[in-house]
Structures are given as C-alpha cells and as structure tokens.
Amino acid sequence: SFTKEQQALMKVIIDAYNKHQIPQDVAKKLLQDKYSTEENFLLLTEMATSQVQVLVEFTKNIPGFLSLDREDQIALLKGSAVEAMFLRSAQALNKKMPIGHTEVLEERIRKSGISEEFIKPMFNFYKSIGELHMVLEEQALLTTITILTPDRPYVKDQPAVERLQETALDLLRKMCVLHHPQEPQYFARLLGRLTELRTLSHYHAEMLASWRVNDHKFTPLLCEIWDVQ
Ligand SMILES: CC(C)c1onc(-c2c(Cl)cccc2Cl)c1COc1ccc(-c2ccc3c(C(=O)O)csc3c2)cc1
C-alpha cells in the first residue's frame, strides 16, 4: 500500500508525464510523404528538439528538482536527455501511436544515416521495452529515475540527487508489485533497462560524431544539450 506522500508524488509525476508530450502538429509531420535520408534526419531533428523541450518541462515538475543546485539541474538534464528520449521514443514505438505513426517513426529512424551497428542494439532495446508492457506509472517513474541519476558528469551534490532518486525507486518498486504481482523479478528487470540505456547513450555519442562528419546540422537546443558544434 502507498503512503499519502507516495500517492501525492505519483499524481504529480503522472500529471506532468501526460501533460508534457510532443505536440500533435509536430508528431503529424512524421506522416509527410518525403522519405529521403536527408528528410528523415531533418524530421528526427525536429522530433528530438521538441522532445527536449517536453523533457525540460516534465523535469521541472519532479518534486524537489527545482530545489537542487541550479548547475546540478543542468548537469542532470544534459546527462539524461538521450536516455530519456530513448525511453520516450520506445514508448511511442510500442504504444501503437495513432494513424500509423509507429511504422513511420521506425522507418525514419532506420533510414536517417545511422549505421547498422547502432540500429541493431537500438531496436533490440525498443523490443525489450515493448516486451515489458509497462503501465503509464512505470514509464513515468522510470523516466524520472533516469533523470535523477546522481553520478552524471559534473553533478556536485550527489547525495541530494540520490535522496530524490531513492524516493522514486521506492515508489516504482511498489508500483511493480501492484501491476505485476505474478512477476517478483519485474522491478529488477526494469532497472536492468537503465543499464542498457547507458550503453545506448555511449553508442549515441558515436552516432552524433558520424552525423557531424557528414556535415549534418543540429538545432541550437540540441547543440547546447549535447555539447556539439
Ligand atoms: C537529432 C536527431 C536526428 C536524433 O539524434 N538522436 C536521436 C535519437 C534516436 Cl534516433 C533514438 C533515440 C534517442 C535519440 Cl536522442 C534523434 C531523434 O530523436 C528522437 C526523439 C524523440 C522522438 C519521438 C518521441 C515521442 C514521440 C511521440 C509520442 O510520444 O507520442 C510521437 S512522435 C515521437 C517522436 C523521435 C526521435
């Protein structure tokens, strides 16, 4: 059973997760009929830029986040942006988005100039997330826990971040027991995905480097959050 504080925390996180989504008019652009590698890259850049804006707004709603040291807030956002976007794009690909978005998004990711060596682990991850059949609360908490990772580069007050992350982990553990009573290992499986996210984050740094070698341009927001250009 959940304490009053845990019920309040879950409500705040779920409301923020539902409120901050990529706007429909941006998502709809995925459906336009141009499928060149260039066009796919441009569309994915627009999606990522919109997703980062959504991520910043969601993060500001995490109880306690705005009380952290300002520079640590930036360090946590920069350190978790790619992982949070892997989680969000995984949920989008697996939730059967409206009007065939899912296939289109997958198609554009596969044909955006990403080398095959990264496509494989990326889509293995998407598949492994889909197999978990997470409920919305678990998705929102897993994203929260990823953002509140204390050992990101340049975080000064790690214990303060640890305290916030532990609160979210306690809540996620109870959520898993509630929604997956037949699977005592489910919580551990979810945390295993966080390890896989770190690996993908390293692959992503190489993806960025190879795009840049081919003179691909990113938006100012992405350059800032990924320290490129
Ligand atoms: C700069 C660009 C080329 C790039 O570099 N690395 C990655 C990148 C890739 Cl290719 C994979 C994983 C992570 C990143 Cl950062 C990307 C593209 O990042 C994306 C971020 C987020 C979405 C995304 C999320 C949700 C939803 C929803 C929904 O919620 O209903 C509807 S449409 C949609 C679209 C897609 C792509």
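Note on the chain: GNM, Cα springs under 10 Å; of ASN40, ASN214, ASN94, the largest mean-square fluctuation is that of ASN214. Along the axis of the charge dipole computed for segment 2-147 (Cβ charges of +1 for Lys and Arg, -1 for Asp and Glu, origin at the Cα centre), the listed residues VAL82, THR143, PRO121 are led at the positive end by THR143. Take the chain with all the other protein chains still there, run a 1.4 Å probe, and you get 51 Å² of accessible area per residue.
Once the Cα atoms are used to define both axes, helix 37-60 deviates from the longest principal axis of the chain by about 20 degrees.
Quick one: with all protein chains in place, what share of the accessible area of segment 128-221 is carbon or sulfur, to the nearest percent (1.4 Å probe)? After summing per-atom areas, the C and S share lands at 57 percent.
Mean projection of the Cα convex hull over all viewing directions, computed for segment 1-153: 10.2 nm². Taking a threshold of 27 Å on the Cα-Cα distance, which of the pairs LYS34/LYS217; LYS11/LYS217; LYS4/LYS78; LYS19/LYS111; LYS28/LYS95; LYS19/LYS156 fall above it? Exceeds cut-off: LYS11/LYS217; LYS4/LYS78; LYS19/LYS111; LYS19/LYS156.
Solvent-accessible surface (1.4 Å probe) assigned to SER115 amounts to roughly 40 Å². The sum of -39500 (n - 2.57) across all DSSP H runs of n ≥ 4, divided by the residue count of the chain, sets its helix-only mean residue ellipticity at 222 nm to -24000 deg cm²/dmol. Electrostatic bookkeeping for PRO159 treats Lys and Arg as +1 and Asp and Glu as -1; over the other residues with beta carbon under 15 Å from its beta carbon, the sum is -3. A Gaussian network model of the chain, with springs between Cα atoms under 10 Å, assigns the largest mean-square fluctuation among ALA168, ALA205, ALA90 to ALA205. Roughly how many percent of the accessible protein surface of segment 18-72 is carbon and sulfur, given a 1.4 Å probe and a whole-percent answer? Here carbon and sulfur together make up 53 percent of the probe-accessible area.
The values are calculated or read from the model by the stated rules, or taken from the named source; none is laboratory data. Bear in mind that the values here come from a model prediction, so they are computed numbers and not experimental data. We place every Cβ from the backbone using ideal geometry, glycine too, and count neighbours over all the protein chains shown. When the accessible area is computed, the model is the full protein with side chains, heavy atoms only, and any ligands, DNA or RNA have been set aside. Shrake-Rupley method; radii C 1.70, N 1.55, O 1.52, S 1.80 Å.
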